[in-house]
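The values are calculated or read from the model by the stated rules, or taken from the named source; none is laboratory data. Nothing here was measured: the structure is a model prediction, and the numbers come from that model. Using ideal geometry, Cβ is built from the backbone for each residue, glycine included, and neighbour counts are taken over all protein chains shown.
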Amino acid sequence: MTFDAVRSRYEQHLSSLDLARIGASLLVLFYHVHSITSPITGKMPFGGLFQSGSSRGVDIFFVLSGCIILWRHRQEVGQPRRWPAYMSRRLLRIYPPALIMTVIAATMYASGFGGAEKAVKLESHNLMLSLLLMAERSSSVLNVAWTLKYVVFFYVLFGLAIIDRRLGALAIATWQLAILVHVYAGLGGSQWDAYFLQPMGLEFGIGAAAALLIACFPVGLPLRACRSLLIGGLGVFFSLKLYESFVLHQELPADVSVWVFGMSSASMIAGLALLDLRGHIRLPPIFRLLGAASFSMYLVNYSAIVIAVRVMQLAGVPLGGNITAFTLAGLAICCGLVFHVLIDQPLQRELRTHQWLGSHRNSLAAKMPARAQIGPRTTALSESAPPVASPSG
C-alpha cells in the first residue's frame, strides 16, 4: 500500500481524545493537591476522593499514548526513511519542555527550597540522570518525569516498527510478554530492566490494541456499540476509583489495576474515537486548548501547587478545605496554560521550522487541499505527551 500523506493527516484528527487528556490531567492534578496539602493539614479535600489512585490519570495517559502513536503513525510502519523524522518529532516533543522544567526545579532546590531532603536530588549523577529523564521515580529532580521514561521507551520500540514492520511487532510483543513473565511468573530482573517490566507498561499494548480496533472501523461502529464502549468504560473506571478511595483507602494491587483501569480506559478512548469518526462529537475551542496544553499542565502542576501552598502558608491562608483545593487546582491549570502558550508552543513551533524536522510536514501542508486545511476536522492530532505522558503521541 502506498503512503497517502494528505489523506493520512486528514484522518488523524480525533479531537474527542482531548477529553481523555483533560480528564487524565485533572485526575493527576487533584491527586497532587491531596498529597501535598493533606500531610500539612491532616485533612483530606473532597472527602478523600483523591487519597489513592495517583496513577489512575497515568493509566489513561499510557493507554492514550499507545493508542495515538499507532493511530497517528500506522501509515509509516515499514518505511525506514521516515524513522529519522518520527524519532526527532517524538523526542523533541518531550525532552525540551521537560528539560526546562527540570532546570527550573533544580534551580529552586539549589536556592534552598525544599531543604536538605530536596538538595540530595542535585547530586551530580542524579542530576545527569534527571536531565536524561532516566532518574528513579523517587529521586527525579522533576517529580512527574518518571512516566516519561516509559513513554520514550515505547517510542523507541515503535520506531523499530517504522524501520521494519516485523521487527517492531516482535519488539513490542516481546516487551509485553516480558512484563507478563516478570509480574505473574515472579521472575525478577536487574534494577534497570525491572523498571520497564512494571505492570503499567502493559497499558501501552492495551492502547495499541484500541487503535487497531478503531482502525478496523474507519467510519465507526454502530452508534449503540460506540456508546456502550464509552459508557461501559466510564462506569467501570470510576466505580473502581470510588471503591479504591472509599472502601480500600488504597490502590488496588498493580497486577490487578493495570487490567481493570487499562481496559476501561481503552474502552473509553475507543468509544470516544469511534463516535468522533461518526461525527457525533464536536468540542468547543477551549477543550482543544486544554487538550493541547495537557502535557504542559502535567509537567508544571506539581511544582505550581507546591509553590502556591508555600505562599498560602506565608500569607496565613487556611489549607485543607475544598475551596482551597479548587483554588490550587485552578492555579496549577493556569500555570500550565501559561507554560504552554508562552514557552512550549513557541518552542515547538521553532523546532518545526528546522529543515531536518519540519520539511516533511511543510510539504504535506503544501500538498493538502484547501478544504482539508480549513475544514473542521483538519487540525492534526495534538502531539501531547503523557504525561503520562499526556504521554500521548
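Taking interchain pairs and intrachain pairs at least six residues apart, which have beta carbon atoms under 8 angstrom, with the first residue in the stretch 189-204 and crowded, with 17+ Cβ neighbours inside 10 Å and at pLDDT 90 or above and the second among the charged types (D, E, K, R) and in a helix (DSSP H, G or I)? Within 8 Å, the pairs are P199/D255; M200/D59; E203/D59. The single condition from (1) surrounded by 19 or more Cβ atoms within 10 Å (Cβ to Cβ); (2) over 24 Å from L27 (Cα atoms); (3) polar (S, T, N, Q) that T174 fails is (1).
The single condition from (1) among the aromatic types (F, W, Y); (2) surrounded by 14 or more Cβ atoms within 10 Å (Cβ to Cβ); (3) more than 16 Å from the chain's Cα centre (by Cα) that Y184 fails is (2).
So is E117 surrounded by fewer than 20 Cβ atoms within 10 Å (Cβ to Cβ) and not in a helix (DSSP H, G or I) or not? No: the conditions fail for E117. Against the definition (closer than 19 Å to L202 by Cβ and of a type in the set (F, W, Y)), how does F246 come out, yes or no? Here the answer is no, as F246 does not meet what is asked. Restricting attention to the stretch 263-302 and to residues that are of a type in the set (F, W, Y) and surrounded by 20 or more Cβ atoms within 10 Å (Cβ to Cβ), the residue that is farthest from G66 (Cα to Cα) turns out to be Y302. In the condition set (1) surrounded by 19 or more Cβ atoms within 10 Å (Cβ to Cβ); (2) out of contact with any Phe, Trp or Tyr (no Cβ under 6 Å at 6 or more places or on another chain); (3) at pLDDT below 90, S384 is compliant with all but (2).
Could you check, for the stretch 103-112, whether at least one of its residues is touching a Lys or Arg at 6+ places or on another chain (Cβ under 7 Å), modelled with pLDDT under 90 and in a helix (DSSP H, G or I)?
Taking every residue of the stretch 103-112 in turn, at least one turns out to be touching a Lys or Arg at 6+ places or on another chain (Cβ under 7 Å), modelled with pLDDT under 90 and in a helix (DSSP H, G or I).
Which is more than 22 Å from the chain's Cα centre (by Cα), buried (at least 17 other Cβ atoms within 10 Å of the Cβ) and under 30 Å from F217 (Cα atoms), of R56, R82?
Every option except R82 fails the conditions.
Beta carbons closer than 9 Å, at least 6 apart along the sequence or on distinct chains, pair a first residue in the stretch 271-300 that is at positive phi with a second that is surrounded by fewer than 19 Cβ atoms within 10 Å (Cβ to Cβ) for G279/G220; G279/R377. Note on the stretch 231-262: residues that are buried (at least 20 other Cβ atoms within 10 Å of the Cβ) and closer than 22 Å to S15 by Cα total 3.
For the stretch 33-53, what are the residues that are surrounded by fewer than 24 Cβ atoms within 10 Å (Cβ to Cβ) and on the phi > 0 side of the Ramachandran plot? Hits for the stretch 33-53 are G42, F46, G47, G48.
Screening M108 with (1) surrounded by 23 or more Cβ atoms within 10 Å (Cβ to Cβ); (2) over 22 Å from V151 (Cα atoms); (3) not basic (K, R) gives one miss only, at (1).
Conditions (1) of a type outside the set (D, E); (2) surrounded by fewer than 14 Cβ atoms within 10 Å (Cβ to Cβ); (3) modelled with pLDDT of 90 or more; (4) closer than 30 Å to M44 by Cβ, marked per residue:
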| site | (1), (2), (3), (4) |
| --- | --- |
| A308 | yes, no, yes, yes |
| L314 | yes, yes, yes, yes |
| F326 | yes, no, yes, yes |
| L337 | yes, no, yes, yes |
| V341 | yes, no, yes, no |
| L351 | yes, no, no, no |
| G358 | yes, no, no, no |
| M368 | yes, no, no, no |
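Scanning the stretch 120-150 for residues that are assigned to a helix (DSSP H, G or I), among the β-branched types (V, I, T) and under 24 Å from V28 (Cα atoms) gives V144, T147.
For the stretch 308-316, indicate whether the set of residues that are farther than 17 Å from S25 by Cα and under 22 Å from the mean Cα position of the chain (by Cα) is non-empty. Before the answer, list the steps.
Step one: list which residues in the stretch 308-316 are farther than 17 Å from S25 by Cα, which gives 308-316.
Those left that are additionally under 22 Å from the mean Cα position of the chain (by Cα): none.
No: zero hits.
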